[in-house]
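Before any comments, here is the structure.
The values are calculated or read from the model by the stated rules, or taken from the named source; none is laboratory data. Everything numeric in this text was worked out from a predicted model, so none of it was measured. Here the Cβ positions follow ideal geometry from the backbone for every residue, glycine too, while neighbour counts run over all protein chains shown. What goes into the accessible areas is simple: the full protein's heavy atoms, side chains included, and nothing from ligands, DNA or RNA. Shrake-Rupley method; radii C 1.70, N 1.55, O 1.52, S 1.80 Å.
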Amino acid sequence: MAHALEHLAIIGVGLIGGSVARSLRAAGHVGRITGIGRDARHLEKGRELGVVDDCTTDIAAGVAGADAVLVSAPMGAYDT
């Protein structure tokens, strides 16, 4: 089955990023989801729960080959 997005990368798989991932998967709009974040333990929990298919703390590796990238990080996480 063809998906609207074969590979989605999500930077920040917290409440919002995780909810978007689950919604897109449930609707059948996405094939593979890669979670990207700073804490490998949190990312692994997302993988265990089926929110993401794979995860990494390396942004470049995580977005490589993605059809789309969703940035879902708290505003406080940005350097100014």
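Residue by residue through the range 24-33, which ³J(HN,Hα) values in whole Hz follow from phi under the Karplus form 6.51 cos²θ - 1.76 cosθ + 1.60 (θ = phi - 60°), with glycine and proline marked x?
5, 5, 4, 7, x, 8, 9, x, 9, 10
For the range 43-52, take each phi angle, set θ = phi - 60°, evaluate the Karplus expression 6.51 cos²θ - 1.76 cosθ + 1.60, and give the result in whole Hz per residue in order, putting x for glycine and proline.
5, 5, 4, x, 5, 4, 7, x, 6, 10
To the nearest 500 deg cm²/dmol, what mean residue ellipticity at 222 nm is calculated for the chain from DSSP H runs of n ≥ 4 alone, each contributing -39,500 (n - 2.57), summed and divided by the residues?
Values: 3 runs with 26 residues, N = 80.
My calculation for the chain gives -9000 deg cm²/dmol from helical runs alone.
Rounded if a/c is under 1.5, else prolate if a/b is larger than b/c, else oblate: which is the range 22-69, with a ≥ b ≥ c the root eigenvalues of its Cα gyration tensor?
Oblate.
Give me the distance between the Cα centres of the range 24-52 and the range 53-71, rounded to whole Å.
Centre-to-centre (Cα) distance: 11 Å.
Could you give me the ³J(HN,Hα) list for the range 62-68, computed from phi with Karplus coefficients 6.51, -1.76, 1.60 and θ = phi - 60°, whole Hz, x at Gly and Pro?
Karplus values, whole Hz, x for Gly and Pro: x, 8, 4, x, 6, 6, 8.
Between Ala40 and Val71, what length in nm is gained on full extension when 0.36 nm per residue of separation is reduced by their alpha carbon distance?
On the way: separation 31, 0.36 × 31 = 11.16 nm, distance 1.72 nm.
My answer for the length gained is 9.4 nm.
Leaving out ligands, DNA and RNA, and with a 1.4 Å probe, what % of the accessible surface on the chain is carbon or sulfur? Could you put the intermediate results ahead of the total?
Working: 2930 of 5030 Å².
Answer for the chain: carbon and sulfur cover 58 percent of the accessible area.
How far apart, in nm, are two points set 7 Å out from the Cα along the Cα-to-Cβ line at Arg47 and at Ser19?
So the two model labels end up 2.6 nm from each other.
Which value, in Å², gives the accessible area per residue of the range 35-80 when a 1.4 Å probe is used on the protein heavy atoms?
70 Å²
Read through the labelled values (i) 16.8; (ii) 12.4; (iii) 14.0 and report the label of the one computed as Kirkwood radius over Cα pairs in Å from the structure.
After the calculation, the listed value that fits is (ii).
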